[in-house]
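Beneath this line is the structure, given in structure tokens, with notes to follow.
The values are calculated or read from the model by the stated rules, or taken from the named source; none is laboratory data. Computed from a predicted structure; not experimentally measured. We place every Cβ from the backbone using ideal geometry, glycine too, and count neighbours over all the protein chains shown.
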């Protein structure tokens, strides 16, 4: 009875438990629509709202007492319907070929021992540790985070980002020579490391572009960025960044009064400002704020490369380009069908010797507005 009823529910609950290693979905805050009645092959509607545009002037909105407003010029609240087709997703994947499905296998004796441990101690964390539930969580959450990242990366298809559209941004803001190459940097640019993403000429330009495009900010008043650690290394090493980071604010940093020390998170790391949390729950990274952007680091970013001559005298080479995604809210959406993510058990258990299981999800994902995202890159010197 425990194996058939309670065990899948205990494992399924793990799929929803927050973990500080998987921060992408938390940072993105996707638009979510869940229709329990929908199955794979059917569609779920996501709504993308538009801005009205030019606000006019004070005089243009002024009305007189004898003026009739009427309904002849009525405007509807305009929204685009984005239909996502539900697909069935499962995990884990074959370790040698991620396109092929696989399963998790737990020895029944291991599960029975874990069950006794749970009944004796009532400690759910010990139960999960004893059977390796974190492996299940890691596979599902890492896959789900990567899916949201891939949706944000679709903004690259818009071309070079600007004040009017989202897209890619390379240091010094060049336009790609081809789809896989950049124009050459000069020897002077190489000497001053202008092929690396920096604060004064790159970060400020990216933020300006987001603001000029009227990309909304999140509820905390900031844009967000999910960056590869190598991207953050280049930005943290930039003199413009370090100059601000030297001044944490007024007096001794206090996690409960972060507004008095706006730059303390640069020193204190991602946990600064999270002194209050629910006992037993993981402390999720809060990121750090810099130049109107809340930054998060993720080790789940895909590898990117481009052919470019950085001006070091070695000519054009294929260089790694660690990315960073700058975005506003409602950039990505997900439609979910059926019971949401769940754990299923296979009855083919080799004469009751093993418990064989998978996680399953019916979902469809979509980039709702490519102009809400700028895909930034830095260029590494090694090749």
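Results, tabulated for the structure shown:
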read-out	value
Check on residue 48, under 29 Å from residue 215 (Cβ atoms), at pLDDT below 85 and exposed (fewer than 11 other Cβ atoms within 10 Å of the Cβ)	no
Test: residue in segment 135-146 that is buried (at least 19 other Cβ atoms within 10 Å of the Cβ), in contact (Cβ under 8 Å) with a residue 24 or more places away in the chain and closer than 20 Å to residue 318 by Cα	no
Meets criteria (modelled with pLDDT of 95 or more, crowded, with 21+ Cβ neighbours inside 10 Å and under 18 Å from the mean Cα position of the chain (by Cα)) for residue 333	yes
Qualifying position, being assigned by TED's automatic domain parsing to the domain that holds residue 25, at pLDDT 80 or above and surrounded by 13 or more Cβ atoms within 10 Å (Cβ to Cβ), among 131, 106	106
Residue match in segment 205-214 (condition: under 26 Å from residue 311 (Cβ atoms), assigned by TED's automatic domain parsing to the domain that holds residue 319, touching a residue at least 60 places away in the same chain (Cβ under 8 Å) and in contact with a strand residue (DSSP E or B) (Cβ under 9 Å, 6 or more places away or on another chain))	yes
Residue identified as free of Cβ contacts under 8 Å to residues at least 12 places away in the same chain, under 26 Å from the mean Cα position of the chain (by Cα) and either surrounded by 15 or more Cβ atoms within 10 Å (Cβ to Cβ) or not assigned by TED's automatic domain parsing to the domain that holds residue 24 (or both) among 192, 179	179
Qualifying positions in segment 110-128 - closer than 24 Å to residue 340 by Cβ and surrounded by fewer than 16 Cβ atoms within 10 Å (Cβ to Cβ)	124, 125
Helices (runs of 4 or more DSSP H) lying entirely in segment 170-288 (those with 2 or more residues that are modelled with pLDDT of 90 or more)	187-191, 204-212, 229-237
